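The structure under discussion appears below in the form of structure tokens.
Taken together, the values in this text are just the output of simple stated rules run on the coordinates, not laboratory data. Note that this is a predicted model, so its numbers are computed, not measured. Methodologically, a virtual Cβ is constructed for each residue, glycine included, from the backbone with ideal geometry; neighbour enumeration extends over all protein chains shown.
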């Protein structure tokens with residue numbers, strides 16, 4: 001078959017950001033948000049770098065039907081340092097970038113080495129950009145140390161992903177002027193809740209406490225119900241709009257969680273001190289005070305600023321033990337709080353009933369926790385149990401977040417909603433084909449609702465291939481984002497949802513607090529154009545004019561066309577949403593990168609060892625296997641599957657041998673050997689063990705009939721730390737599948 005590689009070129013020039021690939025080519029991620037991305041061949045990447053903003057003209061389609069572009073102008077080159085290892089080859093000094101998306105080594109003149117030694121990890125500033133016939137040139141500005149130094153993986157990640165990790169002098173100076181405790185003047189015009197036994201419930205290793213809860217029986221109308229109080233740290237009282245602390249917080253947008261280290265959004269004096277709802281001290285808070293019916297519906301709510309006194313600091317494990325045995329040893333230590341915890345458990349069960357009635361999607365996953373020693377090396381990877389205490393807090397936070405979204409909508413002010421849209425038409429088609437191929441007997445409608453996904457998950461939970469089906473349901477969903485345009489939350493089945501409950505670690509929550517306070521005071525909150533480095537906020541606002549307007553949600557009225565000041569304000573909020581969403585992704589990527597590095601380091605000590613595992617993903621270039629004992633994922637490349645041709649069946653998400661009919665699909669149980677670990681690429685390779693070695697046979701042609709009766713455990717898509725939001729699971733699954741496709745030996749195919 002011949003391919004048309006000489007399609008008529010386009011005279012339109014398209015702007016966007018370059019995303020490099022370790023194999024030398026790249027893609028243009030378009031500013032206008034349209035798909036597909038534009039393929040940039042290796043010769044076009046010679047003069048540009050990963051993350052450059054460029055203007056491209058489409059000149060042809062490549063052999064795989066992708067639009068291929070030619071770079072006509074470099075618009076902007078971010079002033080971002082490169083991280084890499086210093087090497088000397090044939091008398092020439094160079095730095096090999098740690099991030100392989102930068103496809104070229106950087107030449108270092110002998111007089112620009114500083115104190116760096118060969119093999120050390122260094123930070124490089126470019127002094128000459130790359131050219132078609134020349135490599136980039138730079139100078140070393142910082143020596144991070146040896147690659148095996150404790151914590152080096154985190155030092156690399158924060159620079160590799162450009163995570164702000166040093167507070168500005170102005171920010172620290174302002175933080176130093178803040179008081180150490182709540183002053184009498186701070187309590188003015190606040191409700192005094194110090195006599196209400198609010199408590200915090202968090203993980204054992206938590207240091208910043210955003211939220212406290214309290215519940216008591218109450219009459220709701222003529223029926224019984226509960227009064228549920230969710231008190232959230234009032235960060236907005238201390239962090240004023242446009243202040244030095246605010247500028248740094250906006251730049252970070254979120255706290256970043258690594259094993260054994262947290263890079264906070266706010267200075268420690270605020271995050272762990274003045275704003276944290278520590279026990280036995282007064283703290284300022286914003287309260288969502290709700291009346292909840294026995295059916296789990298919020299009958300009424302109100303917001304108000306208050307001063308509180310946390311009566312206890314509980315852990316999830318402790319609360320779960322008390323709920324399981326109210327006369328046990330844990331309960332005997334907290335006798336005065338047991339009744340309050342039982343009330344919280346009662347309202348949780350009512351809220352859970354409401355979740356089920358809405359048809360909210362709820363996939364159980366196994367979260368994992370990396371346990372490190374004092375030197376930062378992995379000791380073990382263990383599953384993190386999600387008990388009723390976790391779910392209790394999650395439902396209380398969801399209820400408060402829904403109330404905050406409704407309050408902002410009723411107040412007719414701009415704000416950032418947490419939006420999770422339904423699956424795209426393309427993903428819907430893939431899912432329908434898959435469900436049909438797997439003989440599920442159920443499918444999704446043309447305009448699918450969350451309840452349909454939950455019904456399929458519930459109907460298939462006892463099937464031997466339940467894990468495979470649930471994974472496909474999860475990956476069909478989009479990522480949640482922050483935006484001022486409310487399109488609802490598909491996964492949680494809410495018409496409006498926002499983030500209100502974590503202002504210590506998320507900037508969108510801080511903005512929501514400010515908007516709520518403005519509504520309470522009958523004023524309007526205006527988002528300023530914060531002067532972040534490079535004036536990123538203003539640039540985002542300018543680029544928004546080129547973006548395609550999002551489609552209307554079902555039942556949504558056509559939006560009025562805005563002009564002048566109204567348009568500028570909307571674009572400012574949209575830019576803030578894009579900034580916060582992008583930095584959330586950045587934090588997740590940096591955290592995953594560190595975890596992947598630690599796991600590779602850990603598995604280097606287990607080369608040659610054999611393990612059982614489950615197929616967790618299938619691609620055209622091989623299968624990914626997650627080990628049962630380690631919770632570590634690695635690739636069995638298609639060349640390791642045997643001496644025959646394997647065809648990738650996208651509908652069934654499986655590889656099938658054309659001669660033998662052997663199939664490998666998500667959830668298949670296999671035996672593997674650790675064959676190779678590439679620390680630089682964050683990649684672990686497995687070798688599939690066969691029958692000749694006396695191990696369990698590979699899956700047969702009738703694989704589905706031979707699989708074990710019990711469904712295998714779900715793999716973790718959890719964030720590395722922080723309160724669960726139950727709204728990012730679908731995006732996490734898709735993000736990982738994209739990463740897998742990009743690192744495979746398939747010519748850089750993108751999923």
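A few notes on this one:
- Our helix-only sum for the chain, with -39,500 (n - 2.57) per DSSP H run of n ≥ 4 divided by its residues, gives a mean residue ellipticity at 222 nm of -8500 deg cm²/dmol.
- Mean separation of Cα contacts under 8 Å, 6 or more apart, over the residue count of the chain: relative contact order %: 11 percent
- Label-to-label distance for residue 62 and residue 101 is 1.7 nm, based on points extended 7 Å past Cα in the beta-carbon direction.
- Fully extending the segment from residue 185 to residue 89, taken as 0.36 nm per residue of separation minus the present Cα-Cα distance, adds 28.0 nm.
- The three principal axes of the Cα atoms in the chain give end-to-end lengths of 74, 64, 57 Å, sorted in falling order.
- Paramagnetic reach from residue 651 in region 427-468 [backbone N under 17 Å; point 7 Å along Cα→Cβ]: 427-444
- FRET efficiency for residue 375 and residue 223, using Cβ-Cβ distance with R0 set to 56 Å, rounded to 0.05: 0.45
- Between residue 628 and residue 459, the contour length at 0.36 nm per residue exceeds the alpha carbon distance by 58.3 nm.
- Shape of region 280-351, Cα gyration tensor, a/c cut at 1.5: oblate
- Cα shape, region 339-442, gyration tensor, a/c 1.5 rule: oblate
- Once C-alpha pairs closer than 8 Å and six or more residues apart are averaged by separation and normalised to the residue number of region 13-76, the relative contact order reads 32 percent.
- Per-peptide average of other Cβ atoms within 10 Å, ordering 416-423, 82-89 highest first: 416-423, 82-89
- Annotation: extensible slack from residue 117 through residue 324 equals 68.7 nm (criterion: 0.36 nm per residue apart, minus Cα-Cα distance).
- Efficiency of FRET from Cβ geometry, residue 207 and residue 332, R₀ 41 Å, rounded to 0.05: 0.90
- Computed over region 82-147: relative contact order in percent, which uses C-alpha pairs under 8 Å that are six or more apart: 32 percent
- With neighbour counts taken as other beta-carbon atoms within 10 Å, the residues 226, 93 rank, fewest first, as 93, 226.
- Within the chain, DSSP assigns beta bridges of which about 90% are antiparallel (rounded to the nearest 5).
- Cα gyration tensor shape for region 13-76, rounded if a/c is under 1.5, else prolate or oblate: rounded
- Between residue 300 and residue 522, the simple label model (points 7 Å from Cα in the Cβ direction) yields a spacing of 2.1 nm.
- Ranked by the mean number of other Cβ atoms within 10 Å of their residues, highest first, the peptides 482-490, 170-178, 503-511 fall in the order 503-511, 482-490, 170-178.
- Proxy reagent accessibility, fewest Cβ within 10 Å first, across 500, 314: 314, 500
- Taking label points 7 Å from Cα along the Cα-to-Cβ direction, residue 678 and residue 442 give a separation of 4.1 nm.
- For residue 669 and residue 607, the FRET efficiency from 1/(1 + (r/R0)^6), where r spans their Cβ atoms and R0 equals 22 Å, is about 0.45.
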